[in-house]
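Okay, so here's the structure we're looking at.
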Amino acid sequence: MINELSIVFPLFNEEKRLRETFLGIAKFKKKVRKKKIEIIFVDDGSTDNSDLLINKFISKESSKNFLVKFHKLRKNMGKGYALKFGVKKCNFNWILTTDIDLSVPLSQIFEWEKKNYFKSNKVIFGSRNHEKSKVKKNYFRYILGKFFNFFVISILNISLLDTQCGFKFYLNSVAKKTFANLTNYGFTHDLELVLILRKKKIKIIEVPVKWVHKKGSKLNILFEPIKMFLNILILRFKYF
């Protein structure tokens, strides 16, 4: 059972999607009255009105047992860096890193609690490819994901079903030690996290999620795959 939880949301120019995120968080708040929750928004150098919207949300929803905090980075550093910064600021025993679009709803943790996944595991990855996951997918991205997994397995010898799902849980001490070593701040930061955890001999378990594809992703499907492939090669030379 989780009694206290820090949740880190990295974001960049998300004013169009934040309202839906706020609704999801407010709905989650009503179900966790007996828990201590800390929401940490880390703005990765946005140039839109994301900060104004978040500050309004904080004034409305932040309370003693449901703290909502906001940090804005001076310039865009990458999702991995925003997560690293946010994890460093976390105060509670468990840390959830997740995506601003809530493609996996925060209520997923209640299902995981019922299954006792937190009882003896220090790192838990949500997996869209788990046989028990319920996924509404974008098929073009699904195909790209298959190619990505092929390179991940072939080059980095990572056998996880899904490294890229943003819904990940860590014991606080494990998260801080792991993210402190993170140097890859792009979309392949998840892969370096896996390699760091493997080096530390910390087991990752993959568990099912309910996941829905949301529009508005910052992933450039033309250029980002090339960058990701190059970063995979860099990680190969660094960790092998």
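Compute, for the stretch 23-158, the length of the dipole vector about the Cα centre, with Cβ point charges of +1 (Lys, Arg) and -1 (Asp, Glu) only. Units Debye, rounded to 20.
Using Cβ point charges on Lys, Arg, Asp and Glu, the stretch 23-158 gives about 560 debye.
What does the net charge come to around Ile54 if you take all other residues with beta carbon closer than 10 Å to its beta carbon, with K and R at +1 and D and E at -1?
-1
How many percent of the alpha carbon pairs in the stretch 4-239 exceed a separation of 26 Å?
Roughly 35 percent, rounded to a whole number.
State to the nearest 20 debye the size of the charge dipole of the chain about its Cα centre, where the only charges are +1 on K and R beta carbons and -1 on D and E beta carbons.
Taking the Cα centre of the chain as origin, the dipole is about 660 debye.
For the stretch 4-239, what is the relative contact order in percent, using Cα pairs closer than 8 Å and at least 6 residues apart in sequence?
24 percent
Enumerate the aspartates and glutamates that Lys69 could reach by cross-link, defined here as Cα to Cα under 19 Å, with residues fewer than 8 away along the same chain left out.
Glu4, Glu14, Glu15, Glu20, Glu38, Asp43, Asp44, Asp48, Asp51, Glu61, Asp99, Asp101
Pick out, in residue order, every one of the GluC sites (Glu not before Pro) in the stretch 63-133 that is DSSP loop and has at most 16 other C-beta atoms within 10 Å; say none if there are none.
Those that pass, being in a loop and sparsely packed, are Glu131.
Could you pull out the trypsin sites (Lys or Arg not before Pro) across the stretch 36-91 that fall in loop regions by DSSP (anything but H, G, I, E, B) with no more than 11 other Cβ atoms inside 10 Å?
Answer in residue order: Lys64, Arg74, Lys75.
Multiplying the sequence separation of Lys72 and Asn91 by 0.36 nm and subtracting their Cα-Cα distance, what value in nm do you get?
5.0 nm
With the crude spin-label approximation of a point 7 Å out along Cα→Cβ, what separation in nm comes out for Lys134 versus Asn3?
Rounded to a tenth, the inter-label distance reads 3.1 nm.
To the nearest 20 debye, what charge dipole does the stretch 19-73 have about its Cα centre, counting +1 at the Cβ of each Lys and Arg and -1 at the Cβ of each Asp and Glu?
Charge dipole, the stretch 19-73, about its Cα centre: 680 debye, nearest 20.
Please compare each pair in Lys27/Lys214; Lys89/Lys115; Lys88/Lys146; Lys119/Lys210; Lys75/Lys203; Lys36/Lys79 to a cut-off of 24 Å on the Cα-Cα distance and tell me which ones are over it.
Lys89/Lys115; Lys88/Lys146; Lys75/Lys203; Lys36/Lys79
For every other residue with a beta carbon closer than 13 angstrom to the beta carbon of Lys134, add +1 if it is Lys or Arg and -1 if Asp or Glu, then tell me the sum.
The answer is +3.
No value in this document is a laboratory result; all are computed from the given coordinates. Model, not experiment: these values are computed from the prediction. All Cβ positions, even for glycine, are placed from backbone atoms using ideal geometry, and neighbour counts span all protein chains on display.
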